[in-house]
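Trainee: The structure under discussion is supplied below as structure tokens; questions concerning it will follow.
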Amino acid sequence: MRCSVRAYRDRPLLVFRLEAAADLAGFATQIFDAPSVAWPWLRADRRAPRGLPDGARVFGHQYTEFALPTFSDPGCASFVLLPFRPAIVMPLLFTAPDGRTLLVAPLDAFHEQVIAVPRDREHSDAGVRCGWHGDLDVAPAGFATELAVWAGSGPRACLDAWAGFLRERHATVRPGRYADALGARLSYWTDNGAAYCRDHVPFDVVQLDSWFYPHETLRPFDDPDISVPPTGLVRWDARPDILPDGIPALRRALGDPPLATHCRHFASASPYFELHDAWRDGDRAHPKDAALYEELLHQASQWGVVTFEHDWLVECFLGVRGLREAPGRARAWQEGLDAAAARNGMTLQWCMASPADFLQTLTLRHVTSIRTSGDYKYFVGNGALWAWFLYNNALARALGLLPFKDVFLTRTDGDGPRDGDPHAEAEALIATLSAGPVGIGDRVGRTETDLLWRCCRRDGVIVKPDAPIAALDRCFRAHVLLEPVPLLAATHSQHTAGRWVYAVSLHASNHDGPLRFRFDLADLGADRPTAPVIAWDWRSGALERVEPDGGFDLVLPKLGWDYRVLAPILPGEIAVVGDVSLYATAGDKRIADVRSVAGGAEVDVFGAPLERVCITGWAARRPARAELREPGAKRALDVAWDAATGRFDVSLEVPASGSAQVAIACG
């Protein structure tokens with residue numbers, strides 16, 4: 001082995017390198033989270049005196065499905081870990097009370113490198129071992145891995161710098177926010193046992209979950225028991241007991257919508273492996289090349305599938321030792337699937353991804369979304385899932401990935417947990433601000449369409465921010481579930497006239513009492529305004545001028561939430577909040593642009609033809625006039641203005657072209 005470390009002059013970075021100097025074999029420990037080779041090996045008892053400030057915290061993502069976010073003290077022996085998953089947490093972020101952060105994370109070989117932490121305090125002497133996982137048993141001469149230690153002013157800054165470096169190193173190409181139908185328009189998901197209903201609801205894609213194909217142990221269908229047996233896929237085709245006429249007949253009955261289809265890990269007993277070579281491990285198996293996936297995706301293309309959702313990714317990798325025994329096998333699997341998706345004209349969604357699966361997307365081009373939290377209404381409650389989602393979104397956002405929150409229900413009432421959700425509004429809000437897919441799973445006749453219109457236009461196009469909403473730095477210095485602290489998150493829309501910031505506060509803590517706290521604009525980090533803004537209280541409709549060093553005092557009940565839109569004040573003392581009937585009031589599929597012009601503002605508006613739209617904002621003086629501009633024509637629009645609050649509203653009907661320009665002149 002060759003071990004080396006290098007430092008950079010132009011960035012706060014150390015890189016630890018491990019390299020096989022000769023062909024190696026037979027060195028596995030046979031325990032995945034017991035590295036055979038560790039470099040570096042971090043020990044709390046070897047830390048320099050006062051090398052870490054008092055009150056520092058450690059945050060990371062356990063090697064689980066959906067990369068469970070977890071915290072520890074600086075000894076790294078008090079992480080809350082799922083006991084049935086490896087004691088591996090990556091990346092690791094050490095954060096001081098003043099925000100300064102060190103990040104420890106791989107730069108390559110994402111499925112071969114691990115950061116193993118003590119399972120509990122009784123094993124704290126083991127320290128943090130960064131190296132090759134214990135199931136790696138073969139390494140050809142020249143095989144090398146690199147691990148980074150990165151310094152930054154805060155957790156999000158470290159994540160962004162590290163991930164930016166990775167995206168440049170791997171020449172990563174990401175699809176856009178509207179690259180496929182699943183991300184562009186509302187979708188309907190059937191994993192809640194829901195029955196599809198298209199009337200008056202602008203769904204586009206319909207997702208078929210794992211109930212549609214046979215597993216070794218069949219998943220219940222149309223049954224109050226929604227547990228999902230963990231056994232593998234036997235055959236990826238319609239179950240004859242449910243869909244005797246097959247997927248094409250189902251699609252025709254639904255009106256021929258585009259489909260998204262679920263897939264999971266394979267069972268050893270699958271007849272596919274009579275034709276395709278595979279690694280077998282007990283009741284699990286995994287194909288040795290991409291030929292089987294090529295067949296499945298070709299079949300899917302004939303069904304009208306536009307997005308192939310690969311679920312149970314962590315089970316594929318941890319369930320079959322052959323996939324782990326030699327370097328590059330997991331990468332080849334995922335790159336082969338990515339290439340098959342390209343050849344069959346579809347996109348991919350990653351689900352139940354481990355941290356390694358998040359990172360391997362750096363070499364993939366057709367993953368348009370990734371699930372970043374556990375299953376809705378399945379394992380934990382709303383608050384825990386909000387935290388899971390918003391912490392993981394910080395990682396996904398840094399990597400350029402679009403998160404998917406999972407399906408949700410739109411009604412606040414219901415006869416049971418599968419028929420409604422008292423927190424549906426908060427679910428819809430963060431789903432929309434994710435910049436990824438928005439999917440619902442209501443039963444027939446149970447969809448709350450008024451809530452849907454806050455997510456999308458009347459043609460079903462989701463109105464999104466420019467980037468995924470994610471937890472702010474403040475949330476990495478305290479555990480928002482186990483401590484009485486708020487969960488704060490933000491994202492933005494960028495226009496010519498400036499940046500519109502969407503700031504969400506949630507009481508996700510296990511503490512039952514109300515949370516009283518101050519949300520300072522300084523907490524917004526890179527989204528912090530540098531000039532005064534108008535803050536629109538989305539829930540109350542109140543407008544307030546806030547200085548850059550200001551903020552707002554909040555009191556939230558258990559699972560309560562607050563939502564503010566911060567709009568820049570333009571020359572002429574006018575601010576355009578946008579379409580306040582939507583969560584993303586200035587999202588570019590509604591407000592394509594805002595420009596400051598002499599005496600007022602110009603607003604480019606997108607919408608479904610003939611859709612009614614109202615543009616809301618603030619003006620210090622009564623606006624003198626507003627007009628709708630189309631090629632070769634101008635038409636005056638009514639402007640309502642409230643002198644007490646400064647609020648103005650301009651209503652219009654979107655022309656048949658689907659776009660218009662609105663000019664607002666100050667008084």
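Trainee: Please enumerate the residues belonging to region 591-615 that are outside any loop (DSSP other than H, G, I, E, B) and either in contact (Cβ under 8 Å) with a residue 60 or more places away in the chain or among the aromatic types (Phe, Trp, Tyr) (or both).
Mentor: Narrowing region 591-615 to residues outside any loop (DSSP other than H, G, I, E, B): 591-597, 600-606, 612-615.
Residues satisfying the conditions are 591, 592, 593, 594, 595, 596, 597, 600, 601, 602, 603, 606.
Trainee: Between 284, 280, 331, 321, which is modelled with pLDDT of 95 or more, in the same structural domain as residue 439 (by TED's automatic domain parsing), among the basic types (Lys, Arg) and surrounded by 22 or more Cβ atoms within 10 Å (Cβ to Cβ)? Full working, then the answer.
Mentor: Values: 280 fails: surrounded by 22 or more Cβ atoms within 10 Å (Cβ to Cβ); 331 fails: surrounded by 22 or more Cβ atoms within 10 Å (Cβ to Cβ); 321 fails: surrounded by 22 or more Cβ atoms within 10 Å (Cβ to Cβ).
Selected residue: 284, the only one of 284, 280, 331, 321 that is modelled with pLDDT of 95 or more, in the same structural domain as residue 439 (by TED's automatic domain parsing), among the basic types (Lys, Arg) and surrounded by 22 or more Cβ atoms within 10 Å (Cβ to Cβ).
Trainee: Hey, could you check region 616-656 for residues that are in contact with a Pro (Cβ under 7 Å, 6 or more places away or on another chain) and assigned to a strand (DSSP E or B) and say which is surrounded by the fewest Cβ atoms within 10 Å (Cβ to Cβ)?
Mentor: Filtering first and then ranking leaves 630.
Trainee: Tell me which residues, restricted to region 395-436, are within 18 Å of residue 538 (Cα to Cα), among the small types (Gly, Ala, Ser) and crowded, with 24+ Cβ neighbours inside 10 Å.
Mentor: 431, 434
Trainee: Let me ask another. Can you spot a residue in region 253-265 that is at pLDDT below 95, in a helix (DSSP H, G or I) and more than 25 Å from residue 411 (Cα to Cα)?
Mentor: Yes.
Trainee: So for region 35-54 (the condition being at pLDDT 95 or above, out of contact with any Leu (no Cβ under 8 Å at 6 or more places or on another chain) and under 22 Å from residue 396 (Cβ atoms)), does at least one residue qualify?
Mentor: No: zero hits.
Trainee: I need the full set of residues from region 529-582 which are farther than 22 Å from residue 601 by Cβ and surrounded by 14 or more Cβ atoms within 10 Å (Cβ to Cβ), in order please.
Mentor: From region 529-582, those farther than 22 Å from residue 601 by Cβ are 539-540, 549-563; that's our starting set.
Those that are farther than 22 Å from residue 601 by Cβ and surrounded by 14 or more Cβ atoms within 10 Å (Cβ to Cβ): 550, 551, 552, 554, 556, 558, 559, 560, 561, 562, 563.
Trainee: Given (1) assigned to a helix (DSSP H, G or I); (2) under 28 Å from residue 105 (Cβ atoms), where does residue 429 come up short, assuming only one miss?
Mentor: Unmet condition: (2).
Trainee: Quick one: would you say residue 628 is in contact with a Lys or Arg (Cβ under 9 Å, 6 or more places away or on another chain) and in the same structural domain as residue 530 (by TED's automatic domain parsing)?
Mentor: Details: in contact with a Lys or Arg (Cβ under 9 Å, 6 or more places away or on another chain): yes; in the same structural domain as residue 530 (by TED's automatic domain parsing): yes.
Answer is yes for this residue.
Trainee: Related question: Considering only residues that are aliphatic (A, V, I, L, M) and at pLDDT 95 or above, look in region 113-136 and name the one that is nearest to residue 321 (Cα to Cα).
Mentor: Pass one, region 113-136, residues aliphatic (A, V, I, L, M): 114-117, 126, 128, 136.
Retained after the next criterion (residues that are at pLDDT 95 or above): 114-117, 128, 136.
Values: 114: 16, 115: 19, 116: 18, 117: 21, 128: 24, 136: 9 Å.
Looking at the filtered set, the residue picked out is 136.
Trainee: Also, quick follow-up: Tally time: how many residues in region 481-522 are acidic (Asp, Glu) and either within 16 Å of residue 469 (Cα to Cα) or touching a Gly at 6+ places or on another chain (Cβ under 8 Å) (or both)?
Mentor: Residues that pass the stated criteria total 1.
Trainee: If only one of 292, 259 is within 24 Å of residue 375 (Cα to Cα), surrounded by 21 or more Cβ atoms within 10 Å (Cβ to Cβ) and among the hydrophobic types (A, V, I, L, M, F, W, C), which one is it?
Mentor: 259
Trainee: Follow-up. Which condition number in (1) within 24 Å of residue 501 (Cβ to Cβ); (2) crowded, with 21+ Cβ neighbours inside 10 Å is the one that residue 589 fails?
Mentor: Here residue 589 meets the rest and fails (2).
Trainee: From 415, 406, 375, 421, which residue is part of a loop (DSSP other than H, G, I, E, B), modelled with pLDDT under 95, closer than 30 Å to residue 294 by Cβ and not aromatic (Phe, Trp, Tyr)? Full working, then the answer.
Mentor: Details: 415 fails: closer than 30 Å to residue 294 by Cβ; 406 fails: modelled with pLDDT under 95; 421 fails: closer than 30 Å to residue 294 by Cβ.
The match here is 375.
Trainee: Right, another one. For the subset of region 136-159 comprising residues that are touching a Gly at 6+ places or on another chain (Cβ under 8 Å) and surrounded by fewer than 21 Cβ atoms within 10 Å (Cβ to Cβ), which member is nearest to residue 390 (Cα to Cα)?
Mentor: Per the stated criteria, the residue is 157.
Trainee: Here's something else I'd like to know. Can you name the residue in region 21-35 that is hydrophobic (A, V, I, L, M, F, W, C) and surrounded by 18 or more Cβ atoms within 10 Å (Cβ to Cβ) and is also nearest to the chain's Cα centre (by Cα) among such residues?
Mentor: Going residue by residue through region 21-35, those that are hydrophobic (A, V, I, L, M, F, W, C) are 21-22, 24-25, 27-28, 31-32, 34.
Checking which are surrounded by 18 or more Cβ atoms within 10 Å (Cβ to Cβ) leaves us with 24, 28, 32, 34.
Values: 24: 38, 28: 34, 32: 27, 34: 30 Å.
Per the criteria, the residue is 32.
Trainee: Moving on to the next point. Which of the residues that make up region 546-585 are within 26 Å of the chain's Cα centre (by Cα) and assigned to a loop (DSSP other than H, G, I, E, B)?
Mentor: Selection gives 557, 558, 559, 560, 579, 580, 581, 582, 583, 584, 585.
Trainee: For residue 602, indicate whether it is of a type in the set (Asp, Glu) and within 23 Å of residue 493 (Cα to Cα). Can you show your working first?
Mentor: Numbers: of a type in the set (Asp, Glu): yes; within 23 Å of residue 493 (Cα to Cα): yes.
Here the answer is yes, as residue 602 does meet what is asked.
Trainee: Give 11, 6 a once-over and let me know the one that is modelled with pLDDT under 95 and surrounded by fewer than 18 Cβ atoms within 10 Å (Cβ to Cβ).
Mentor: Values: 6 fails: modelled with pLDDT under 95.
When all the criteria are applied, what remains is 11.
Trainee: Looking at region 635-654, can you tell me whether even one residue there is at pLDDT 95 or above, farther than 25 Å from residue 457 by Cβ and among the acidic types (Asp, Glu)?
Mentor: Taking every residue of region 635-654 in turn, at least one turns out to be at pLDDT 95 or above, farther than 25 Å from residue 457 by Cβ and among the acidic types (Asp, Glu).
Trainee: While we're looking at this one, here's another question. Before we move on, is residue 343 basic (Lys, Arg) and buried (at least 17 other Cβ atoms within 10 Å of the Cβ)? Steps first, please.
Mentor: Details: basic (Lys, Arg): yes; buried (at least 17 other Cβ atoms within 10 Å of the Cβ): no.
No, not satisfied.
Trainee: Mind counting the residues in region 298-324 that are more than 14 Å from residue 247 (Cβ to Cβ) and not acidic (Asp, Glu)? It would help to see each step written out before you state the result.
Mentor: Here is the first cut: in region 298-324, the ones more than 14 Å from residue 247 (Cβ to Cβ) are 307, 309-324.
Subset that is not acidic (Asp, Glu): 307, 310, 312-314, 316-324.
Number of matching residues: 14.
Trainee: Being among the acidic types (Asp, Glu) and assigned to a helix (DSSP H, G or I) is the filter; apply it to region 319-367 and report the residue that is nearest to residue 107 (Cα to Cα).
Mentor: The initial filter retains those residues of region 319-367 that are among the acidic types (Asp, Glu), namely 325, 335, 338, 357.
Narrowing the set further to residues that are assigned to a helix (DSSP H, G or I) leaves 335, 338, 357.
Working: 335: 18, 338: 21, 357: 13 Å.
Among those residues, the one meeting the criterion is 357.
The values are calculated or read from the model by the stated rules, or taken from the named source; none is laboratory data. Just so it is clear, the structure is predicted and the values come from calculations on it, not from any experiment. In this analysis, Cβ positions are derived from the backbone assuming ideal geometry, glycine residues included, and neighbour counts consider all displayed protein chains.
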